[in-house]
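Take a look at the structure set out below.
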Amino acid sequence: MSTSTRNASTKRLATPDVPYFVVHASFEQTGAADLFGHTRDDDHVFEATYMPDDVTRDLARRMHYAAWRLSRTSDYRRRAHWKGEYLSFRDRIVLGNRKLIYRAVQRWMPTATWADDMTGDCHIVLIQAVAAYNPWLGVRFSTYAFTCLMRALSRLSQRHAADRLSKSLPLEALPDGEPRDLGSLEQSPARLPYIDEYLREGNELLSSREKQVLARRFSLDEQIKSGTLEQVGRELGLSKERVRQVQASALGKLRKALLEGATPR
């Protein structure tokens with residue numbers, strides 16, 4: 001069991017049954033079972049609106065209390081009871097705040113065709129945010145969870161872009177700058193997320209023309225289908241040979257940056 005102090009009245013614990021929960025000093029007080037136990041009001045369903053923050057806080061306190069009680073008993077039936085209570089409170093909070101997922105995904109990528117994948121991944125992030133939320137710190141859950149979701153979307157979008165690029169753009173297998181079906185790019189996990197950064201508008205590694213060519217040659221933009229050298233040339237007003245040269249230059253720069261482990265600026 002591991003612990004880390006958050007403030008004078010709470011601390012964090014972890015057990016095999018519950019990876020993370022918060023312990024409050026009031027759990028030890030007389031009447032805590034009545035204060036943090038299950039009530040009929042807990043079963044209200046918030047379908048059309050967000051769960052009010054005060055309701056979320058109350059359910060979170062009860063959730064952590066159930067996890068604490070679970071960690072303190074070895075009786076099989078009592079453990080089953082408190083684990084059920086913990087999961088019930090946790091899932092109520094997730095269901096009541098799931099609209100935060102759609103809001104975050106829409107803000108991050110309103111037209112991306114892989115938004116559905118992101119939404120599924122963000123459900124896991126929301127569950128983790130609920131488990132980690134400390135309702136005694138005075139932070140609104142919606143603020144805390146939305147921040148977690150936006151950070152996760154940043155990581156997930158880079159990972160998706162990296163996976164997409166690695167499948168269609170195996171840099172080490174392209175000495176002549178031509179795409180081939182040779183499997184995924186062999187790079188360390190720490191480097192892969194940076195690939196998308198090199199293609200962003202503000203990054204200076206590649207020229208604007210090089211980014212345009214790569215986006216159209218390898219379908220790096222969800223709205224653009226990949227094209228041949230000739231097709232890309234017609235679209236950009238370049239000769240087939242010029243497109244090949246620009247592509248080779250861009251791939252060379254990317255390969256060098258990845259091999260050197262350079263951090264995108």
Between Glu28 and Thr49, what is 0.36 nm times their sequence separation minus the Cα-Cα distance? Round to one decimal in nm. 4.1 nm
Once phi for every residue in the stretch 66-72 is put through the Karplus expression 6.51 cos²θ - 1.76 cosθ + 1.60 (θ = phi - 60°), the whole-Hz ³J(HN,Hα) values, with Gly and Pro written as x, are 4, 5, 5, 5, 4, 6, 9
I need His24, His81, His64, His123 ordered by Cβ neighbour count within 10 Å, fewest first. His123, His81, His24, His64
Quote to one decimal, in nm, the extra length available between Ser208 and Ser239 on full extension: 0.36 nm per residue of separation minus the C-alpha distance between them. 9.5 nm
So if R0 is 51 Å, what FRET efficiency would Ala80 and Glu201 give, r being the distance between their Cβ atoms, rounded to the nearest 0.05? 0.40
Can you work out ³J(HN,Hα) from phi for every residue in the stretch 127-134, in order, using Karplus 6.51 cos²θ - 1.76 cosθ + 1.60 and θ = phi - 60°, giving whole Hz and x for Gly and Pro? 4, 5, 5, 4, 4, 8, 5, 9
Estimated vicinal HN-Hα couplings, Hz - the stretch 92-102 in sequence order (Karplus 6.51, -1.76, 1.60; Gly, Pro = x): 5, 5, 4, 5, x, 10, 5, 5, 4, 5, 5
Extending each Cα 7 Å along its Cβ direction at Lys256 and Thr147, get the distance between those two points in nm, one decimal. 4.0 nm
Counting other beta carbons within 10 Å of each residue's own, what order do Ile101, Ile93, Ile127 fall into, fewest first? Ile127, Ile101, Ile93
What is the fewest-to-most order of Arg151, Arg255 by other Cβ atoms lying within 10 Å of their Cβ? Arg151, Arg255
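Bear in mind that the values in this text are calculations on the coordinates, not laboratory data. Because the structure is a prediction, the values reported are computed rather than measured. Positions of Cβ are backbone-derived with ideal geometry, glycine not excepted, and every protein chain shown enters the neighbour counts.
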